[in-house]
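Shown next, in structure tokens, is the structure this report addresses.
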Amino acid sequence: MTDSEEREEFAVEAPEIPNETDADDSDGDTNNRRKGDTKVGLTLRIVVALYVLYLAYDLIRGFGETAAGDRIFIAAAIGIFLIAGGAILAISAKKLIRKEYIDADGETGSEKR
């Protein structure tokens with residue numbers, strides 16, 4: 001028996017794993033997850049964004065007490081926190097104000113009367 005014949009004898013086929021896009025869902029939801037943002041999710045994002053902005057403010061308050069070698073890293077962290085917190089806050093607040101979210105009934109906020 002040659003090496004190639006021996007390999008073929010012990011070869012095992014891997015089972016085919018179904019792709020999520022192959023699943024036949026009539027409503028288009030996979031794993032009971034909805035597409036889009038919810039009002040609660042947007043509100044939580046706003047709270048998290050405010051906390052990130054507070055962390056940036058706290059870093060700014062303590063900026064004068066830091067050592068000279070650490071100032072560049074603290075300044076970078078302040079910039080990242082301000083940009084990320086501000087972007088999350090602005091995007092989430094805009095979606096919440098324009099009612100671009102899905103409520104508990106599955107309707108978008110703009111479809112409600």
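This table checks each residue for (1) within 28 Å of Lys35 (Cα to Cα); (2) modelled with pLDDT under 85.
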residue: Ile72; (1), (2): no, no
residue: Ala84; (1), (2): yes, no
residue: Ala93; (1), (2): yes, no
residue: Ile102; (1), (2): yes, no
residue: Arg113; (1), (2): yes, yes
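State yes or no: is Leu53 open to solvent by less than 60 Å² (accessible area, probe 1.4 Å), farther than 30 Å from Asp103 by Cβ and modelled with pLDDT of 90 or more? Let's see the steps before the verdict.
Working: open to solvent by less than 60 Å² (accessible area, probe 1.4 Å): yes; farther than 30 Å from Asp103 by Cβ: no; modelled with pLDDT of 90 or more: yes.
Here the answer is no, as Leu53 does not meet what is asked.
How do the pairs read when you match residues in region 54-66 that are farther than 15 Å from Gly86 by Cα with residues anywhere that are at pLDDT 95 or above and among the polar types (S, T, N, Q), using Cβ under 7 Å and keeping only pairs 6 or more apart or on different chains?
No pair meets every condition.
Looking only at region 78-103, which residues are basic (Lys, Arg), free of Cβ contacts under 8 Å to residues at least 24 places away in the same chain and part of a helix (DSSP H, G or I)?
First, pick out the residues of region 78-103 that are basic (Lys, Arg): 94-95, 98-99.
Still in the running and free of Cβ contacts under 8 Å to residues at least 24 places away in the same chain: 94, 98-99.
Scanning region 78-103 gives a single hit, Lys94.
For region 66-108: of the residues being open to solvent by less than 70 Å² (accessible area, probe 1.4 Å) and over 22 Å from Leu50 (Cβ atoms), which is nearest to the chain's Cα centre (by Cα)?
Ile102
The values are calculated or read from the model by the stated rules, or taken from the named source; none is laboratory data. Computed from a predicted structure; not experimentally measured. Note that each Cβ is placed from the backbone with ideal geometry, even for glycine, and that neighbours are counted across all protein chains shown. Surface accessibility is based on the protein's heavy atoms, side chains included, excluding ligands, DNA and RNA. Shrake-Rupley method; radii C 1.70, N 1.55, O 1.52, S 1.80 Å.
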